[in-house]
Amino acid sequence: MTFRLTIDEPRWHAAIRRAAAQSPGLVPVIKGNGYGFGRERLAELCGRLGVDTVAVGTEAEIPSVRLGFHGTIAVMAPLGTADLNPEPRPTQVLRTVAHASVVRHLAGLGAAGPAAVLELDSPVHRHGVTLSELAELAAPLRQVRLAGVAMHLPSGGDRRRVLESVHLALDALGRAGIPLSTFWVSHLTPPELALVRAAHPGVQVRPRIGTSLWLGDRQAFRASGTVLDVRRMPHRQAVGYRQRRFAGGTLLVVSGGTAHGVGLYASAAHSGLRDVLKGAVLGAARGAGWAPSPFHWAGHRLHFADVAHMQVSMLAVPPHLSAPTVGDRLDCDIRMTVSTFDAVELRPGVSEPEASWPAAS
């Protein structure tokens, strides 16, 4: 009863090295579920890449990353005033400051405060100090152990406007008299990073990269579930927790459920009438028991026969398709950032020497 991640290790490693080579100053992001691979595994690979800094989402993720990585760890979640207490904090850790009030509190701690990165507001508008607040924060920031400035940018949208927001922010720092040595940035492509470096030659640009580093080659790994049971069902037979009427054919029980990330749907913004109508049609189909599943068999995407259970899914194989047998494995298209696996299988290959992992520039 195993929901498994199988990794073509040589191919995956090669993709990681290619992405790292295209990103001078790379700061790998290791957060959440470790992009499906686990934070500990990614931390060990960062050591092999030779990077000096990685980024995590929250302070709670530091211990697991520290098991495999011994350099600097940047925490991207912003500090709150309640976090500024006299208790000892881990060394070699950079904290994010994204609110003017926290900057002032941190200034009061002086050298006793943690090293911090100032987060600026961006087109994402998730959090960050606004450009209009910079002038009044110049004096307090002189009392802070400032390790640079960061922006968390959109991954899509009008890229010209995204780059313009970066240039405006860096220029505003200069006008406010806030020194900038290091710029930590998320979601800029290599060509966009080159443009920023050319426009601000005195600034060290450190790209924080997660998805394109770890998930850049989707053919290097695959998720799969094990067929646990196969049953022929008559037309209109009630099945599952919800007792939906089965359309006929073969009922499969496969490992992989909500505990693994199967059957979880991410919210999505509708950009127009077409998307709204598409969402309505898909919602009606799911309500009628025709929800498409992420599992595939014999080149066909199977439908859920019931809502996904915690550790298994019930699937419908249409009458015209030959059914798998118990023990067969079904490929599963799943979002790696929400996935948890019972087992990780590394496909055997020629072991790569340590010299093939050049230090990141």
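Things to note:
- Residues of region 229-256 satisfying the condition of being touching a residue at least 60 places away in the same chain (Cβ under 8 Å) and in a loop (DSSP other than H, G, I, E, B): Gly240, Tyr241, Arg242, Phe246, Ala247, Gly248, Gly256
- Among residues of region 222-259, those that are open to solvent by 20 Å² or more (accessible area, probe 1.4 Å), among the aliphatic types (A, V, I, L, M) and within 13 Å of His309 (Cα to Cα), counted: 2
- The residue of region 102-129 that is surrounded by the most Cβ atoms within 10 Å (Cβ to Cβ), among those that are farther than 17 Å from Leu79 by Cβ and in contact with a helix residue (DSSP H, G or I) (Cβ under 9 Å, 6 or more places away or on another chain), is Ser122.
- Of all the residues in region 202-216, those that are surrounded by 16 or more Cβ atoms within 10 Å (Cβ to Cβ) and more than 30 Å from Leu173 (Cβ to Cβ) number 2.
- Index of the failed condition, Thr182 passing every other in (1) touching a helix residue (DSSP H, G or I) at 6+ places or on another chain (Cβ under 7 Å); (2) surrounded by 13 or more Cβ atoms within 10 Å (Cβ to Cβ): (1)
- Against the criterion of being in contact (Cβ under 8 Å) with a residue 12 or more places away in the chain and open to solvent by 20 Å² or more (accessible area, probe 1.4 Å), Val65 does not qualify.
- Verdict on Ala169 being under 19 Å from Val203 (Cα atoms), among the small types (Gly, Ala, Ser), at pLDDT 95 or above and surrounded by 15 or more Cβ atoms within 10 Å (Cβ to Cβ): yes
- Considering region 37-47, and only residues there that are assigned to a helix (DSSP H, G or I) and farther than 19 Å from Arg17 by Cβ, the residue that is least open to solvent (accessible area, probe 1.4 Å) turns out to be Arg39.
- Screening Ser101, Ser122, Ser155 for residues that are of a type in the set (S, T, N, Q) and part of a helix (DSSP H, G or I) leaves exactly one candidate, Ser101.
- Residue list for region 131-151, restricted to those being closer than 22 Å to His187 by Cα and open to solvent by less than 50 Å² (accessible area, probe 1.4 Å): Ala147, Gly148, Val149, Ala150, Met151
- Output for region 1-36, where each listed residue is of a type in the set (Phe, Trp, Tyr) and either open to solvent by less than 10 Å² (accessible area, probe 1.4 Å) or farther than 30 Å from Gly327 by Cβ (or both): Phe3, Trp12
- Between Ala74, Ala82, the distinction of being buried (at least 19 other Cβ atoms within 10 Å of the Cβ) and either under 25 Å from Thr189 (Cβ atoms) or of a type in the set (A, V, I, L, M, F, W, C) (or both) belongs to Ala74 only.
- Output for region 209-228, where each listed residue is assigned to a helix (DSSP H, G or I), within 24 Å of Thr2 (Cα to Cα) and of a type in the set (A, V, I, L, M): Ala220
- Residue, farthest from the chain's Cα centre (by Cα), within region 48-64, restricted to residues that are closer than 20 Å to Leu79 by Cβ and assigned to a helix (DSSP H, G or I): Pro63
- For region 172-189, the count of residues that are within 30 Å of Arg347 (Cα to Cα) and not in a helix (DSSP H, G or I) is zero.
The values are calculated or read from the model by the stated rules, or taken from the named source; none is laboratory data. Here the structure is a predicted model, which is why all the values come from computation and not from measurement. Heads up, the Cβs are rebuilt from the backbone with ideal geometry, glycines too, and the neighbour counts pull from every protein chain shown. To get the accessible areas, we keep the full protein, side chains included, count just its heavy atoms, and leave off ligands, DNA and RNA. Shrake-Rupley method; radii C 1.70, N 1.55, O 1.52, S 1.80 Å.
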